[in-house]
Amino acid sequence: EDPSSSSSTQSSVAPELPGFYYDPEKNRYFRLLPGHNNHNPLTKDSIQHKAMECKRLRLLEEEEKQNQKTTRAGLNSSVLLQKRQLGLLSSTSYCRLVHELKVNSMQRRKIEIHSPDSSVAGTNNFKIIVADVACERIFTVNDVEHGGCKYGIINLSGLGKESLTVEMYDNLYFTNRKVNSVCWASLTHPDSHVKLCLMGIAETPGCASLLPASLFSSTNPGDRPGMLCSFKISTAWSCAWCLNPQADNCFSTGLTRRVLVTNVVTGHRQTFGTSSDVLAQQFATQTPVLYNGCRSGEIFSIDVRQRNRKGQSWKAIRLFHGSAVTSIHLMEAEHYLMAADMAGKIKLWDLRTAKCVKQYKGHHNEYALLPLHVNEEEGLLIAVGQDCYTRIWSLQDAHLLRTIPSPHPSSKDAIPSVVFSSRLGGSRGVPGLLMAVKQDLYHFSYN
């Protein structure tokens, strides 16, 4: 059972009365009052928040007890291997149970963040963390109390040691605008740059910038390279970098009702008009095709080699969700696409037949742009819900393997951001889940 799903077992002992709330602990009814001020503290929001917090604390307590014991009875590697050899388990069941064993054995440990400026570490809430392909570094975006964001790069090489320490690069940058989207870009070498999309506010337009990663680690101010590419645009919702040589040095930006594809070297731009805001993007690697997820629920692909001519349809594959698409992930073979929407639905689409072949249930979302994390090597799908629970599914059979409560009380500004890899910190790194929430960074070891 999904522990974050709504339950009415407690309130079912007493009949519901319109305008009243039954408290099972005090065994009495309380009037529900409108508003959210101090004079009317008992509102539906406060009741829901209290119930969620009780559930989160109960889950954390259960996890602590579970960590002191082994996992559930009969679930250990030697027993599973023996059953598999005896033919009592199919290969599908064996794989899923091994993943369940490893996922449920993960224990949370706090990571110490070292920074040249002691006033920087642990002062601002993490909003986004994005790992490079080698998982040697993570780009971090932190909310600042008086508005705007700070962003920088953390080196993960210290995760290969027992001390669990990471190094924050010495150059941090601040913007008075919110960062909507981030992706790594491989211009001069793999993950050499970072693409940033900033939201426009008031009279200030939105902005898309391509920054060299070395900008954050240069110790001599005279040696710092400037931003390579920056231009003003309407609000940018998403971005993606193309690794296919047929569209070399190109990145895309998902805007309000259009897609902009830019060549960094030549400055050439292509614009594709859409009927809706483009909230999620990813390039294929085998072909120069860009996949887009829209607020309308539509997912479509664009071959960026073609010119956008009036009167001609340039959309190739078209799929449809019932709600705004917040994240898409193209699988390695590029025959399947994973997509999540604002109704909390996660679907696996077969691009050859344009049909949904699997659904992963339990995800929670209402209006947030929440990413999906797919690790095909380990056969796992990971997503953080708007309810602040991190859920892990088996890719193979869509079984929910584990639901991880946040170490901090659930709130809109405390939704965890995660990274999962079998090599956190590089080729000799440690496997596991990296979770950033509030001012803290945690590691869940995946052995």
TODO: Read through the list (1) at pLDDT below 95; (2) open to solvent by less than 80 Å² (accessible area, probe 1.4 Å), then give the number of the only condition that ARG318 fails.
DONE: (2)
Task: In the stretch 359-368, residue farthest from ASN447 (Cα to Cα) [restricted to those that are of a type outside the set (S, T, N, Q) and crowded, with 17+ Cβ neighbours inside 10 Å] - done: HIS364
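Among the residues of the stretch 331-342, what is the count of those that are of a type outside the set (Ser, Thr, Tyr) and open to solvent by 10 Å² or more (accessible area, probe 1.4 Å)? Spell out how you get there, then give the answer.
First, pick out the residues of the stretch 331-342 that are of a type outside the set (Ser, Thr, Tyr): 331-335, 337-342.
Now narrow it down to the ones that are open to solvent by 10 Å² or more (accessible area, probe 1.4 Å): 331-335, 342.
The qualifying residues number 6.
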Open item on the list: Checking the conditions here, which among HIS268, HIS193 is over 26 Å from LYS150 (Cα atoms) and either open to solvent by 10 Å² or more (accessible area, probe 1.4 Å) or among the basic types (Lys, Arg) (or both)?
Closed with: HIS268
TODO: Scan GLU112, GLU62, GLU136 and give me the residue that is over 30 Å from SER181 (Cα atoms) and either at pLDDT 80 or above or surrounded by fewer than 15 Cβ atoms within 10 Å (Cβ to Cβ) (or both).
DONE: GLU62
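Within the stretch 306-328, does at least one residue satisfy the condition of being assigned to a loop (DSSP other than H, G, I, E, B), within 28 Å of LEU424 (Cα to Cα) and not hydrophobic (A, V, I, L, M, F, W, C)? I'd like the intermediate steps shown before the answer.
Just the residues of the stretch 306-328 that are assigned to a loop (DSSP other than H, G, I, E, B), to begin with: 306-314, 321-324.
Pick out the ones that are also within 28 Å of LEU424 (Cα to Cα) and you get none.
Within the stretch 306-328 (the criterion being assigned to a loop (DSSP other than H, G, I, E, B), within 28 Å of LEU424 (Cα to Cα) and not hydrophobic (A, V, I, L, M, F, W, C)), the answer is no, since none of the residues qualifies.
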Task: Total residues in the stretch 352-385, condition touching an Asp or Glu at 6+ places or on another chain (Cβ under 6 Å) and closer than 26 Å to HIS49 by Cβ - done: 2
Task: All positions within the stretch 97-109 that are open to solvent by less than 50 Å² (accessible area, probe 1.4 Å) and more than 12 Å from ILE392 (Cβ to Cβ) - done: LEU97, VAL98, LEU101
Open item on the list: For the stretch 235-265, which positions are in a loop (DSSP other than H, G, I, E, B) and open to solvent by less than 10 Å² (accessible area, probe 1.4 Å)?
Closed with: ALA236, CYS242, ASN244
TODO: Name every residue in the stretch 151-174 that is farther than 15 Å from ALA436 by Cα and either open to solvent by 30 Å² or more (accessible area, probe 1.4 Å) or part of a strand (DSSP E or B) (or both), in order of residue number.
DONE: SER157, GLY160, LYS161, GLU162, SER163, TYR169, ASP170, LEU172, TYR173, PHE174
TODO: Identify, by number, the condition in (1) over 22 Å from LEU369 (Cα atoms); (2) in a strand (DSSP E or B); (3) modelled with pLDDT of 85 or more that THR285 doesn't meet.
DONE: (2)
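The values are calculated or read from the model by the stated rules, or taken from the named source; none is laboratory data. Note that this is a predicted model, so its numbers are computed, not measured. Cβ sites come from the backbone with ideal geometry, for glycine too, and all protein chains shown count toward neighbours. For accessibility, only protein heavy atoms count, side chains too; no ligands or nucleic acids. Shrake-Rupley method; radii C 1.70, N 1.55, O 1.52, S 1.80 Å.
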